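Everything below concerns the one structure shown next.
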Amino acid sequence: MAMARCVTSMRDGTGWIAGQGRLTSWRQAGRRLTAGLVGIVCLPVGLLLTSCATSAPPPTAVALAPHLGHPVTSDTLAGLGAQIYPDGHGLPAGSGLAVDGAVLYGQYCASCHGREGQGATAPELIGGDGPLSAAEADKTLKTYWPYATTLFDTLARGMPPANPAALSDDQRYALCAFLLARNGLWPADRPLDGASLSAVQMPNRHGFIDLSARGNPQP
Amino acid sequence: MSEFLDRRAFLQAGLRWSLVMPALPGLAAEGAPAPQSTGFSNYGQPAPSERHVIRLIGSNPRMPGNGVSWTPLEALEGILTPSGLHFERHHNGIPEIDPQHFALLIHGMVQQPLRFDLTDLLRYPRQSRALFLECGGNSNAGWHAEPMQKPVGAFHGLVSCSEWTGVPLRLLLAEAGIDPRARWVIATGADTAATEVSLPLAKLQDDALLALYQNGERLRLENGYPLRLILPGWEGVRQIKWLTRLEVTDRPAMSRNETAQYTQLLPDGRARQFDFVMGPKSLITSPSHGQRLPGAGLYEVSGLAWSGHGAVAAVDVSQDGGRHWVPARLEAPVLDRCFTRFRAAWQWDGTPAVLQSRVRDQLGNLQPGRAALIAERGRNGYFHYNAVVSWAVDGDGAVRHVYA
């Protein structure tokens, strides 16, 4: 039975919200709810019993949405390039040496970051002295960055700015090897790859106070 | 004696003041040429004589797509920033995206990875909210040892306020089905630097908006057309423009803009990280640095106040560098995490004064004085400067930035 339905908005304009306790509305609200029910059915029996015993329908109202998202295949996702994480997850295959990185640096980076990486129109990449508690603290790759994986990620996304795609992954590893070696954080003669990059201990690894919980909405 | 007047006094005084106002332009000036008329226009522009009201640009000489442009706060009134004057901070230019080929992907720790085309997104329920948006690096010249001598916009203008309209993100997250172990979302833009940030899932499930419209029209290119993330009250860099990808995950990516940049180094050598919420802040836009009061008399002191924690509760103003404070009038509407305009009537006797404002938000957070902020944070924090701003009014009426 097709039926036009008028749904009152229960919260201030944040979507069309169906009133709770109206199971018909929920069903009509689409497959998200179905998925939720399947989830409950799949719970271990013990849990299911407790949840049946203690919980009526969820206390919050269910937002109505047209559910227009198109399923994406894992092939499509694989083609996108993985997100890089500090544990090395997402770093591509390949490796590079500091000597090669030195040449690439001169070719692609020195014009903005300075011949010796001392900084010019772009930030300093080589050097940085003194403790971070100094009055004129020097915040650099060497003194400040907590993770070396961030360096590879920065290059892969946006350096050199005019054409980040110009460099291969091997070349990016070579540049990372060069910059880390010049900062005394990597032996100049050893090839650098994803596993070794994520294992580099940056001096300021534990220098950050994580405030991420503060901005969150109250539970 | 200089003094702030209460509202009734202002109205009476205003009457006196209006008597000395120059004649209205409509009745004007003999000998002035008759105005030219022009026809209709498809998209209106500011009056020719107002075209000096612009965003100043500070960009990298070797990389023009890297830099900022400031909202000229001193030239604007009310609480909404015209879209063309909304501040910009780009890390690698403005991509011109073909909306036909634009899609948002939600993947990672979800039951079903989903793609949303723009035509899909335009069919979802929408919400409109007027919200301030501030760069984490706004006002950073405040850390300098000497007070910077620039107009308020070129100093504090990496903040703007718009009405944003879009789709509550939690609808799409629910549609994809979030893995209960997920805690973070990595949001990525379609700019040349593929700018990415890590965001706590809880915020995205709470009040995040996928903005499609700004001040009633579709987003401007430089504000993320066709889609940007809006996170009420949070640092601008988190509100990814040209948003194209959301990866649901259990940990942060530790990207450059949440480690090397947009973290605040403290005097003890440690740094504040993931400091998302912009603190309470206010400033007087009129009179402000670079302006000149033509003489003793009655002036309206007016400015803006906001807080990333909630609505503005009160703004006080001072004429003696913070020794005495009186409440300013808050002009309606006073909205959650939005600019609030405050006003106070000020009788100036022509002797030197130091004007200040300070805000308290609905959670009781008070805007700090500069000395207190520096005592707590040191001078190397660079981001999140929100101290009280001081304008000295000299005996000749010149207004300049001072530390007081």
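Where does segment B:270-351 land on the Kirkwood hydrodynamic radius, alpha-carbon pairs, in angstrom? Could you put the intermediate results ahead of the total?
On the way: mean 1/r = 0.0699 Å⁻¹.
Roughly 14.3 Å, rounded to one decimal.
Considering only protein heavy atoms, what is the solvent-accessible area of B:T188 at a probe of 1.4 Å, reported in Å² to the nearest 10?
Roll a 1.4 Å probe over it and B:T188 shows about 10 Å².
Hey, can you list the residues from segment B:380-404 whose accessible area shrinks by 20 Å² or more with all protein chains present, relative to the chain by itself (probe 1.4 Å, no ligands or nucleic acids)?
B:N380
Using amide H atoms built in the peptide plane, which far-off residues or other-chain residues are under 5 Å from B:S255 H to H?
When sequence neighbours closer than 5 places are left aside, the close amide H contacts are B:S198.
Can you put B:D117, B:D361 in order of accessible area, largest first, using a 1.4 Å probe?
Output order, biggest surface exposure first: B:D117, B:D361.
What's the angle, to the nearest 10 degrees (0 to 90), between helix B:7-19's Cα axis and the longest principal axis of chain B?
For B:7-19 against chain B, the angle is about 60 degrees.
What are the trypsin sites (Lys or Arg not before Pro) within segment B:223-298 that DSSP puts in a loop, where the Cβ has at most 10 other Cβ atoms within 10 Å?
Values: sites: B:R228, B:R238, B:K241, B:R245, B:R256, B:R270, B:R272, B:K281, B:R292; in loops: B:K241, B:R270.
Nothing satisfies the criteria.
Using θ = phi - 60° and the Karplus curve 6.51 cos²θ - 1.76 cosθ + 1.60, what whole-Hz ³J(HN,Hα) does each residue of segment B:67-78 get, with Gly and Pro shown as x?
For segment B:67-78, the Karplus curve yields x, 9, 9, 9, 6, x, 4, 5, 9, 10, 10, x Hz.
Give the shape of segment A:85-207 as rounded, prolate or oblate, defined through the alpha-carbon gyration tensor: a ≥ b ≥ c are the square roots of its eigenvalues, a/c under 1.5 means rounded, and otherwise the shape is prolate if a/b is larger than b/c and oblate if not. Mind dumping the intermediate values first?
Numbers: a/c = 1.62, a/b = 1.18, b/c = 1.37.
Judged from the Cα gyration tensor, segment A:85-207 comes out oblate (a/c at least 1.5, b/c at or above a/b).
Does segment B:99-271 come out rounded, prolate or oblate, given a ≥ b ≥ c as the square roots of the eigenvalues of its C-alpha gyration tensor, rounded meaning a/c under 1.5 and, failing that, prolate meaning a/b above b/c?
Details: a/c = 2.26, a/b = 1.40, b/c = 1.61.
Oblate, because a/c is 1.5 or more while a/b does not exceed b/c.
List the residues, sorted by chain then number, that are 5 or more residues from B:L227 or on another chain and whose placed amide H is less than 5 Å from its amide H.
B:W242, B:L243
Computing the accessible area with a 1.4 Å probe over protein heavy atoms, can you report the carbon and sulfur percentage for segment B:185-333? Intermediate values should be presented prior to the final figure.
On the way: 1920 of 3950 Å².
C and S atoms contribute 49 percent here.
What's the longest bit of chain B with no exposed GluC sites (Glu not before Pro), using DSSP loop states and at most 11 other Cβ atoms within 10 Å as the test?
On the way: sites that count: B:E30, B:E77, B:E96.
That would be B:97-404.
Arrange the residues A:W145, B:W346 by how much accessible surface each exposes, largest first, with a 1.4 angstrom probe.
Putting A:W145, B:W346 in descending order of accessible area: A:W145, B:W346.
Ignoring ligands, DNA and RNA and using a 1.4 Å probe, state the total buried accessible area between B and A in Å², rounded to the nearest 100. Don't jump to the answer; show the numbers that get you there.
Details: alone 19260 and 14610 Å², together 28680 Å².
In total, this chain pair buries about 5200 Å².
For segment B:308-346, which trypsin sites (Lys or Arg not before Pro) pass both filters: DSSP loop (anything but H, G, I, E, B) and at most 15 other C-beta atoms within 10 Å? Don't skip to the end; give the middle numbers.
On the way: sites: B:R323, B:R329, B:R337, B:R341, B:R343; in loops: B:R323, B:R337.
Filter output for segment B:308-346: B:R323.
Hey, could you get me the Stokes-Einstein D for chain B, Kirkwood radius over alpha-carbon pairs, 20 °C and 1.002 mPa s, rounded to whole µm² s⁻¹?
D = 94 µm²/s.
Could you order B:K150, A:K142 so the one with the most accessible surface comes first? Probe is 1.4 Å. Mind showing how you got there, number by number?
Details: B:K150 90, A:K142 65 Å².
Putting B:K150, A:K142 in descending order of accessible area: B:K150, A:K142.
Within segment A:150-219, which trypsin sites (Lys or Arg not before Pro) sit in a loop by DSSP and count at most 14 neighbouring Cβ atoms inside 10 Å?
Working: sites: A:R157, A:R172, A:R182, A:R205, A:R214; in loops: A:R205, A:R214.
Passing sites in segment A:150-219 are A:R205, A:R214.
Near the amide H of B:G310, under 5 Å away, which other amide H atoms are found, from residues 5 or more places off or on another chain, if H is placed in the peptide plane?
So B:G310 has HN proximity to B:R337.
Each residue of segment B:339-355 in order: what ³J(HN,Hα) in whole Hz does its phi give by Karplus 6.51 cos²θ - 1.76 cosθ + 1.60, θ = phi - 60°, with x for Gly and Pro?
4, 10, 8, 10, 9, 8, 8, 10, 8, 9, 8, x, 9, x, 9, 10, 8
Rounded, prolate or oblate for the protein assembly as shown? Axes are the square roots of the Cα gyration tensor eigenvalues, ordered a ≥ b ≥ c, and the cut-off for rounded is a/c under 1.5. Walk me through the numbers on the way to the answer.
Values: a/c = 1.81, a/b = 1.24, b/c = 1.45.
Oblate.
The values are calculated or read from the model by the stated rules, or taken from the named source; none is laboratory data. Being a predicted model, the structure only gives us computed values, none of them experimental. Here the Cβ is made from the backbone with ideal geometry for all residues, glycine too, and neighbour counts use every protein chain on show. Calculation scope for accessible area: heavy atoms of the full protein, side chains included, ligands and nucleic acids excluded. Shrake-Rupley method; radii C 1.70, N 1.55, O 1.52, S 1.80 Å.
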